[in-house]
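Laboratory data are not the source of any read-out in this text; all were calculated from the coordinates shown. Computed from a predicted structure; not experimentally measured. Glycine also receives a Cβ, built like all others from the backbone with ideal geometry; neighbour counts cover every protein chain displayed.
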Amino acid sequence: MTSDARFAEEHRSDRSPGSIDCKFDALLFDFDGVLIESEYAGNRQIADYLTGIGHPTSPEESMAHFMGLAGPDFHAAIERWIGGPIPDSFHAARRIEDERAMREGVGEVAGAVAFVRSLPSALPKAIVSSSGTAWIRRHLDHIGLADAFGDHIYSGREHVERGKPAPDLYMFGAARLNVAIERCAIIEDSPVGATSAVASGAFVIGLVAGRHCGPDHFDRLRAIGVAAVATDFEEAACLLA
């Protein structure tokens, strides 16, 4: 058992049922792979497409190279991987996948909804994601958290010039909550997002609860410098207390 898991296990009984104590002044969430199980499906589609056009790619390789990126950074990573410009058919395939996901909805990461609902109502909290706000709001509604974050939904595509892995988006979210970033905790799952979060100066919990988290995910987040790693939301709650 890791030291993070041991600490969480020892402190599970310290919390009252249905409530989460938090020693921080605000809590910032990544979205894809933290609250919803979108990372595996999205990267599987990317891997299938790239393999189909002659660039063999596994879902694991897609997650290792592209997860957490958006906009120009995402497109540049794809072009580096395939060694040339992105075909127009890639964008069409991504639109089809996004439309399917928006239509059908994407389910929660195990324990995510209960965790959010157990937070103190007065605790400032925000979603700080590379995804667009329309995507975030659609899936918050799908998992039953449409009311949980109010207007505090921030996108690296829409609210800052430099998205993750730069720290700007997390700094922006903290400023909008009117809380110093050093008094914030962040829950992140991707190496790109964790790099952003650690650079911001917040207390960062790496979450490895989603389907996309492989055997080495824990060590990858630790190597980036997160303060702690949680294998589920119960451990995350204990680390916040």
Notebook entry, point to check: For Ala26, what charge total do you get from the other residues with a beta carbon under 12 Å from its beta carbon, if Lys and Arg give +1 and Asp and Glu give -1?
Noted result: +2
Margin query: Could you tell me how far the Cα centroid of the stretch 217-241 sits from the Cα centroid of the stretch 21-68, in Å?
Written below: 17
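Over the chain, what is the mean sequence separation of C-alpha contacts under 8 Å (at least six apart), divided by residue count, expressed as relative contact order in percent?
Answer for the chain is 29 percent.
Within the P(r) computed for the stretch 95-190, what percentage of the Cα pairs occupies the region above 19 Å? List each step's numbers first, then the result.
Details: 2052 of 4560 pairs.
Value for the stretch 95-190: 45 percent of Cα pairs lie more than 19 Å apart.
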Checklist line | Selection from Pro59, Tyr40, Val179 lying farthest towards where the dipole of the chain points positive, charges on Cβ | finding: Val179
Next item on the list: Calculate the radius of gyration of the Cα atoms of the stretch 39-104 to one decimal place, then report Dmax, the largest Cα-Cα distance, as a whole number, both in Å.
Entry: 11.1, 34
Checklist line | Neighbour-count ranking [beta-carbon atoms within 10 angstrom, fewest first] of Leu239, Leu207 | finding: Leu239, Leu207
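If you scale each eigenvalue of the Cα gyration tensor by 5 and take the root, what three semi-axes come out for the chain, rounded to whole angstrom and sorted largest first? Show your work: numbers first, answer last.
On the way: eigenvalues 173, 71, 59 Å².
Equivalent ellipsoid semi-axes, largest first: 29, 19, 17 Å.
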Margin query: Could you compute the net charge surrounding Thr133? Neighbours are other residues with a C-beta less than 12 Å from the C-beta of Thr133; K and R count +1, D and E count -1.
Written below: +1
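Using a 10 Å cut-off around each Cβ, can you sort Glu39, Glu158, Glu104, Glu61 from fewest to most neighbouring Cβ atoms? Working shown, then result.
Values: Glu39 25, Glu158 13, Glu104 9, Glu61 17.
Exposure proxy ranking, most exposed first: Glu104, Glu158, Glu61, Glu39.
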Next item on the list: Can you tell me how much longer the chain between Ala241 and Arg95 gets when fully stretched, taken as 0.36 nm per residue apart minus their C-alpha distance, in nm with one decimal?
Entry: 48.5 nm
